[in-house]
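The values are calculated or read from the model by the stated rules, or taken from the named source; none is laboratory data. The model shown is predicted, which means the values in this text are computed figures rather than measured ones. Cβ placement follows ideal geometry from the backbone for every residue including glycine, while neighbour counts extend to all protein chains displayed. We work out accessible area using only protein heavy atoms, side chains counted, and drop any ligands, DNA or RNA first. Shrake-Rupley method; radii C 1.70, N 1.55, O 1.52, S 1.80 Å.
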Amino acid sequence: MGKRILKATNCTANSAVLGDLGWFPISHVLAIKRLKYYDRVLHMDDNRWTKKIFLELFKIHQSGIKLPWDWCEAVHEPLVETGMDHIWGTMPPVNKFWITTFKQFNRDRLSLLWKDDINNKSTLTDYATFKQAIYKERYLLDVGNFLGAQLKFKARTMTLGLENEPWVIKRNNGNGLCKLCDNGIEDSTHFLLTCKETADIREQFHCDLKADLFTCGFENQWNTYLSMPLPGKLMYLIGEIGQACNEEVGKIFDKHSKRLLVNLSHSRKAIMSV
């Protein structure tokens, strides 16, 4: 579902989709629902059929017998993974708020797994430098230019379809060189900041960005951006440096970076189709 919303390719890392949408894996939601029902069953009278069935399933599970559909295993496993296996049993837990504790423990566990995953994916090298936690990104909330938001996500995750992206090299048996200018490796930095074939689009982007920053009294941020090396400029455009400086500055860079991405993508497509 997340990939459909972002129109992401199948090769897009799931961890990046979850990270930018602020979603935790569906397994987290299912575990909470199962545990809530488990807690409800524990508080039932022993004469209830639901409780009787649970107690029989519990005995089978504890004996080590594997069932085709083992509901007890589905409940027990997340408790073990979060270090809360002391909750597992047939008596209601003493702590009435144990599910709230589980939610936090499991979110912390999944966050560590997510962080480890993005740090070990070659396509998320840039992404891992500016994305430190799972939370919904503000750039996705701009309904006025959602195409720009989708392209920004692709730029953050190396799935724009540029010549130097691993899946494009594999598909085309290519060498990563830019087919627009034949002068350099076509990665995100080249596409956004240095390709000579799209210099006019970039010049207009700089004029519009400067005008907006100066109008809002952020001349220093413009000068800071200009003085940045290319990796720093890239982080302003697809990362979160602008947002870290000031919310208004972040909005300005976000608006113009999306517009730049849309214009560059249209121009690239037109040139490549000739």
Scanning the stretch 67-87 residue by residue, those of a type in the set (V, I, T), assigned to a helix (DSSP H, G or I) and open to solvent by less than 40 Å² (accessible area, probe 1.4 Å) turn out to be V75, I87
Checking D200 against (1) under 26 Å from P229 (Cβ atoms); (2) in a helix (DSSP H, G or I); (3) touching a residue at least 60 places away in the same chain (Cβ under 8 Å); (4) open to solvent by 40 Å² or more (accessible area, probe 1.4 Å), only one condition comes out false. Which one? (3)
If T90 passes every condition in (1) loosely packed, with under 15 Cβ neighbours inside 10 Å; (2) part of a helix (DSSP H, G or I) but one, which one does it miss? (2)
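Given F102, F58, which one is over 24 Å from the mean Cα position of the chain (by Cα), surrounded by 12 or more Cβ atoms within 10 Å (Cβ to Cβ) and not in a loop (DSSP other than H, G, I, E, B)? Step through it out loud before you land on a result.
Working: F102 fails: over 24 Å from the mean Cα position of the chain (by Cα).
Just one listed residue meets the conditions, F58.
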Just checking, does the stretch 209-217 include any residue being among the β-branched types (V, I, T) and open to solvent by less than 60 Å² (accessible area, probe 1.4 Å)? no
Does the stretch 116-163 hold any residues that are more than 18 Å from S15 (Cβ to Cβ), open to solvent by less than 20 Å² (accessible area, probe 1.4 Å) and not in a helix (DSSP H, G or I), and which are they? G161, L162, E163
